[in-house]
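All of the numbers you see were taken from the coordinates with simple rules; none came from a lab. Bear in mind that the values here come from a model prediction, so they are computed numbers and not experimental data. Here the Cβ positions follow ideal geometry from the backbone for every residue, glycine too, while neighbour counts run over all protein chains shown.
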Amino acid sequence: MPTPPNDIVISARDVTKTFGSTTALQNVNLDVHRSEMLVLLGLSGSGKSTLLRCINGLHPITSGSVTALGTRIDSAPARDVRELRKNIGFIFQHFNLVGRLSCLENVLVGGLGRLRIPRYGTLTYPKSMRIEALNCLDRVGLADLAERRADTLSGGQQQRVAIARTLMQRPSIVLADEPVASLDPENAGVVMDLLQRVCTEEQLTVVCTLHQVDLALGWAHRLVGLRDGEVVLDRPASGLLREDVMPIYQRLAPERDALSVVGST
Ligand SMILES: Nc1ncnc2c1ncn2[C@@H]1O[C@H](COP(=O)(O)OP(=O)(O)OP(=O)(O)O)[C@@H](O)[C@H]1O
């Protein structure tokens, strides 16, 4: 059954982004639906991270339009973009936790956007937020490590704390830039499981960049392939095979190109 248009939470229209003489994105069109887990694939330099950063307004686009949660990021007043960003979580390859803080306080930082004044130290946060943060840690299976310094955790555990911090932000959209690139295969699976769970159980929309095709096929609802800044593959993951995806990593002459761009879900 086709998804109703009002279920679209991110919409990119003819997005082009240049850095000087480099064209990082070229006429990208993409609609992402509520509760969809979309994985962006492509060679290094194909534009995956740039697209994520254009979606949350970290990179101003050169032309086209980007709408997220009903706000035109490319033309909205800065204040509206700041409000929108509170609804967009970002997960980084290197976790970006504050190593000397406890896991609980790192998670509490995710809720700072809801407070008028900054807090320093777990006990300065309202009790309701401390309970919520503990609950977020519990959802990633790490409640028992709440008091541990973040820099004593393994990489996989740190990424789970980063996901808990994002949940504490109560976002509608989660952007994840190579969230498993620093992890071993087992921990990568755990993190992908968590991202998929927040997507389906909490109705969040996840857009995630990956280099591992097998992880994308295993966990994504939809795969989008970029090549030289252009969308060259856009298919539901269900029924998709590795060999359907691999051509995005080849640089073929256009007349020999095995890919045909397929419309979204
Ligand atoms: N801030 C920047 N200044 C100049 N050029 C940039 C900047 N950010 C990205 N680029 C260029 O834009 C292109 C796309 O880069 P991007 O980082 O989006 O690719 P990617 O697919 O995410 O790569 P990777 O998989 O290695 O992270 C590259 O040619 C890159 O050098």
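So what is the relative contact order for the range 94-170, in percent, with contacts set as C-alpha pairs under 8 Å and at least six apart?
It rounds to 50 percent for the range 94-170.
Taking the Cα-to-Cβ direction at GLU230 and at LEU123 and moving 7 Å from each Cα, how far apart do the two end points lie in nm?
6.2
Count charges around GLU105 for me, please; just the other residues with Cβ under 15 Å from its Cβ, Lys/Arg as +1, Asp/Glu as -1.
Within the 15 Å Cβ shell, the charges total +4.
Hey, got a sec? Which trypsin sites (Lys or Arg not before Pro) in the range 111-169 land in a DSSP loop and have at most 14 other Cβ atoms within 10 Å? Show your work: numbers first, answer last.
Details: sites: ARG114, ARG116, ARG119, LYS127, ARG130, ARG139, ARG148, ARG149, ARG160, ARG165; in loops: ARG116, ARG119, ARG148.
Loop-located and lightly packed - ARG116.
R0 = 30 Å: FRET efficiency of GLU201 with LEU241, Cβ-based, nearest 0.05?
On the way: r = 28 Å, r/R0 = 0.92.
So, using R0 = 30 Å, E works out to roughly 0.60.
Quick one: among THR67, THR200, THR166, which has the greatest mean-square fluctuation in a GNM of the chain with alpha-carbon springs under 10 angstrom?
With Cα springs under 10 Å in the chain, the top fluctuation among THR67, THR200, THR166 is at THR200.
Pick out which of SER21, SER128, SER49 has the largest mean-square fluctuation in a Gaussian network model of the chain, springs linking Cα atoms closer than 10 Å.
Looking only at SER21, SER128, SER49, the largest GNM fluctuation is found for SER21.
Compute a Gaussian network model of the chain, connecting alpha carbons closer than 10 Å, and tell me which residue from GLY57, GLY229, GLY113 fluctuates the most.
Most flexible of the set in this elastic network: GLY113.
How much mean residue ellipticity at 222 nm does the chain get from its helices, if each DSSP H run of length 4 or more adds -39500 (n - 2.57) and you divide by all residues, to the nearest 500 deg cm²/dmol?
Value at 222 nm, helices only: -8500 deg cm²/dmol.
What is the local net charge at ILE73, summed over the other residues whose Cβ is closer than 13 Å to its Cβ (Lys, Arg +1; Asp, Glu -1)?
+4
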